[in-house]
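Engineer: The following block contains the structure, expressed as structure tokens.
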Amino acid sequence: MSAWFVFALSAQAATPSDAEIVGWDALTLRAELAEGRVSAEHVTQVFLRRITALNGAGPMLNAVIEVNPDALAIARRLDRQRTRGGLGPLHGVPVLIKANIDTADRMATSAGSIALAAHRAREDAVVAARLRAAGAVLLGKTNLSEWANFRSTSSTSGWSSLGGQTRNPYVLDRNPCGSSSGSAVAVAARLAPLAVGTETDGSIVCPAGANGVVGVKPTIGAISQRGIVPVARSQDTAGPLARSVADAALLLGVLTGSGSPSLKRESLGGLRIGVVRNYLGAGRSAAVEAGFDAALAALRSLQAELVDPVIPEGPPDGAEHTVLVAEFREGIGAYLSSARRAPRTLGALIKFNASHAAEVMPFFGQELFLEAQASSGTADPRYRLATAAIATARSALAAEFEHRNLVALVAPVNAPAWRNDLKAGDRVPVSSSSIAAVSGYPSVVIPFTTAGELPLGIALIGRPGTEALLLEIAALAEALRGPFPAPRFLPTAD
């Protein structure tokens with residue numbers, strides 16, 4: 001046997017298969033890239049092939065709204081740079097980002113709407129710039145609930161006029177929940193190892209729970225909002241979606257610019273965690289309760305002291321809605337004023353939708369747009385009253401943490417995903433997202449169990465700036481849980 005033949009066999013055996021590459025978590029992929037066992041170009045090709053096979057064909061997930069035409073060129077450049085050192089924490093790792101985040105390239109920042117299908121941003125959002133600086137390959141943009149689910153009061157999560165209906169990879173006729181559905185589905189289906197979503201209220205944490213991935217909704221202000229199509233400045237944030245807590249910590253460190261938090265805690269001894277029992281919705285099914293009880297048992301076994309129950313009191317009904325409508329009016333007006341090849345005002349956007357109703361509004365309307373247009377924005381006295389009520393609720397939550405010496409709250413984040421029904425709209429049976437959303441507190445979600453085929457997650461909510469501690473708690477719970485089942489792309493299930 002010739003030496004050349006032996007070398008060829010060895011090289012062939014050392015080349016990882018597509019299945020191996022898509023099976024690696026982001027940390028493993030980063031290590032394999034750093035050691036030169038695989039190139040960024042090859043990895044990018046693998047994920048592009050998988051997107052082709054699963055996104056618009058096969059189970060037709062509709063999770064990716066647009067592939068970056070420059071992805072392979074970026075990967076080749078990163079491969080050339082590798083020999084020069086000074087590599088970023090995501091060097092060569094593919095990342096998908098939500099289609100409401102600006103990128104100064106050939107991809108549209110569409111917010112899922114055909115009204116912005118031709119809009120190309122002049123500069124990167126801070127989020128996109130940090131990903132590029134970290135060496136990430138921007139693989140493409142993910143589908144979302146159009147306008148981040150802030151167009152209609154009867155919308156269906158994961159549907160956009162530009163991208164169609166995103167499908168839950170566990171059971172395809174079930175809803176993926178929340179406006180960052182494309183990012184969560186993409187990670188769950190291994191179309192990319194990491195994705196970025198955005199949240200105003202529930203749009204990261206609910207899709208994370210419903211699609212069996214880890215999601216982080218950071219403290220408001222921890223990640224810059226610049227270059228993200230806005231809903232409301234007081235609640236908007238970007239955040240990571242990943243298959244593991246460690247991967248989410250890695251991506252969070254890049255997005256905040258503060259570096260990845262370490263996950264070295266070995267137990268939860270000495271930590272008091274409040275158990276939220278007054279989460280919203282009518283979905284108090286046996287499956288949700290059993291899953292939550294199992295999560296609480298896991299936290300106890302990790303030596304956490306559970307304070308049960310803790311009853312966070314939110315602001316009066318309608319206060320959050322009043323704030324979102326007022327801030328949306330001003331925020332979207334400012335964003336559209338500099339948009340290119342797109343409506344330049346909220347009024348022009350409303351007219352565009354009305355004139356393209358068959359494409360834009362075949363299932364639900366634009367009631368929230370009309371309400372925002374008719375309002376006087378943040379000058380409305382009702383806005384000031386609502387913000388005061390929210391500030392009072394935020395102070396009460398802080399006092400609850402202080403009085404009970406809590407480091408976190410824990411709550412169910414979702415019920416089993418409901419069947420898609422574009423005519424009826426969303427039917428969210430469980431939600432605890434408003435606690436963190438309205439207060440601006442951080443929240444970390446991990447999938448913990450399943451109800452039949454459908455994932456159920458828990459949310460950990462902490463004081464501002466405590467993302468590192470929440471991630472440590474989540475990492476220990478994740479390790480105790482063990483590997484989470486991968487999606488099987490079932491057409492339907494009982």
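Engineer: Could you identify the single residue in Pro487, Pro483 that is more than 18 Å from Ala294 (Cβ to Cβ) and part of a loop (DSSP other than H, G, I, E, B)?
Structural biologist: Just a single option satisfies the conditions, and that option is Pro487.
Engineer: Related question: I'd like to know if region 100-114 contains one or more residues that are out of contact with any Cys (no Cβ under 6 Å at 6 or more places or on another chain), charged (D, E, K, R), over 19 Å from Val254 (Cα atoms) and without any contact (Cβ under 8 Å) to a residue 40 or more places away in the chain.
Structural biologist: Scanning region 100-114 turns up at least one residue that is out of contact with any Cys (no Cβ under 6 Å at 6 or more places or on another chain), charged (D, E, K, R), over 19 Å from Val254 (Cα atoms) and without any contact (Cβ under 8 Å) to a residue 40 or more places away in the chain.
To keep it simple, each residue is scored yes or no on (1) touching a residue at least 40 places away in the same chain (Cβ under 8 Å); (2) closer than 20 Å to Ser244 by Cβ; (3) within 17 Å of the chain's Cα centre (by Cα).
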| site | (1), (2), (3) |
| --- | --- |
| Arg404 | yes, no, no |
| Leu409 | yes, no, no |
| Ala417 | yes, no, yes |
| Pro429 | yes, no, no |
| Ser432 | yes, no, yes |
| Leu460 | yes, yes, yes |
| Pro464 | yes, no, no |
| Ile473 | yes, yes, no |
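Engineer: Follow-up. What do you reckon, is Arg463 farther than 30 Å from Phe364 by Cα, in contact with a Phe, Trp or Tyr (Cβ under 9 Å, 6 or more places away or on another chain) and surrounded by fewer than 24 Cβ atoms within 10 Å (Cβ to Cβ)?
Structural biologist: It is true that Arg463 is farther than 30 Å from Phe364 by Cα, in contact with a Phe, Trp or Tyr (Cβ under 9 Å, 6 or more places away or on another chain) and surrounded by fewer than 24 Cβ atoms within 10 Å (Cβ to Cβ).
Engineer: Just for region 260-275: of the residues that are modelled with pLDDT under 95 and surrounded by 15 or more Cβ atoms within 10 Å (Cβ to Cβ), which one is nearest to Leu397 (Cα to Cα)?
Structural biologist: Among those residues, the one meeting the criterion is Pro261.
Engineer: Continuing with this model, one more query. Going by the structure shown, is Ser224 under 28 Å from Gly333 (Cα atoms), hydroxyl-bearing (Ser, Thr, Tyr) and modelled with pLDDT of 95 or more?
Structural biologist: Criteria met by Ser224.
Engineer: When the residues of region 425-436 are narrowed to those that are of a type in the set (S, T, N, Q) and not in a loop (DSSP other than H, G, I, E, B), which ends up surrounded by the most Cβ atoms within 10 Å (Cβ to Cβ)?
Structural biologist: Ser431
Yes/no matrix, rows are residues, columns are (1) within 30 Å of Ala134 (Cβ to Cβ); (2) free of Cβ contacts under 8 Å to residues at least 60 places away in the same chain; (3) not aromatic (Phe, Trp, Tyr):
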position: Ser262; (1), (2), (3): yes, no, yes
position: Val275; (1), (2), (3): no, no, yes
position: Asn278; (1), (2), (3): no, yes, yes
position: Ala286; (1), (2), (3): no, yes, yes
position: Phe292; (1), (2), (3): no, no, no
position: Gln303; (1), (2), (3): no, yes, yes
position: Glu313; (1), (2), (3): no, no, yes
position: Asp317; (1), (2), (3): no, yes, yes
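Engineer: Would you call Leu252 among the hydrophobic types (A, V, I, L, M, F, W, C) and crowded, with 24+ Cβ neighbours inside 10 Å?
Structural biologist: Spelling it out, Leu252 is indeed among the hydrophobic types (A, V, I, L, M, F, W, C) and crowded, with 24+ Cβ neighbours inside 10 Å.
Engineer: While we're here: Scanning for something buried (at least 24 other Cβ atoms within 10 Å of the Cβ), closer than 23 Å to Met107 by Cβ and of a type in the set (Ser, Thr, Tyr), does region 213-226 turn up at least one residue?
Structural biologist: The answer is no; no qualifying residue exists.
Engineer: Moving on. Residue by residue through region 184-219, note down the ones that are within 12 Å of Ser433 (Cβ to Cβ) and part of a loop (DSSP other than H, G, I, E, B).
Structural biologist: Thr200, Asp201, Gly202, Ser203, Ile204
Conditions (1) of a type outside the set (Phe, Trp, Tyr); (2) assigned to a strand (DSSP E or B); (3) at pLDDT 95 or above; (4) in contact with a Cys (Cβ under 9 Å, 6 or more places away or on another chain), marked per residue:
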| site | (1), (2), (3), (4) |
| --- | --- |
| Lys423 | yes, no, no, no |
| Val438 | yes, no, yes, no |
| Val445 | yes, yes, yes, yes |
| Leu456 | yes, yes, yes, no |
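Engineer: Kindly check whether there is at least one residue in region 340-352 that is modelled with pLDDT under 95, within 28 Å of the chain's Cα centre (by Cα) and part of a loop (DSSP other than H, G, I, E, B).
Structural biologist: yes
Engineer: Let me ask you something else. Taking the condition outside any loop (DSSP other than H, G, I, E, B) and over 23 Å from Val231 (Cα atoms), does Leu470 pass?
Structural biologist: yes
Engineer: Ok, one more. Which residues, counting only those in region 163-183, are part of a loop (DSSP other than H, G, I, E, B), hydrophobic (A, V, I, L, M, F, W, C) and either over 13 Å from the mean Cα position of the chain (by Cα) or surrounded by fewer than 24 Cβ atoms within 10 Å (Cβ to Cβ) (or both)?
Structural biologist: Leu172
Engineer: Against the definition (crowded, with 24+ Cβ neighbours inside 10 Å and more than 14 Å from Val64 (Cβ to Cβ)), how does Val196 come out, yes or no?
Structural biologist: no
The values are calculated or read from the model by the stated rules, or taken from the named source; none is laboratory data. Note that the structure is predicted; figures quoted are calculated from it, not measured. As a convention, Cβ positions derive from the backbone with ideal geometry for all residues, glycine included, and neighbour counts pool all protein chains shown.
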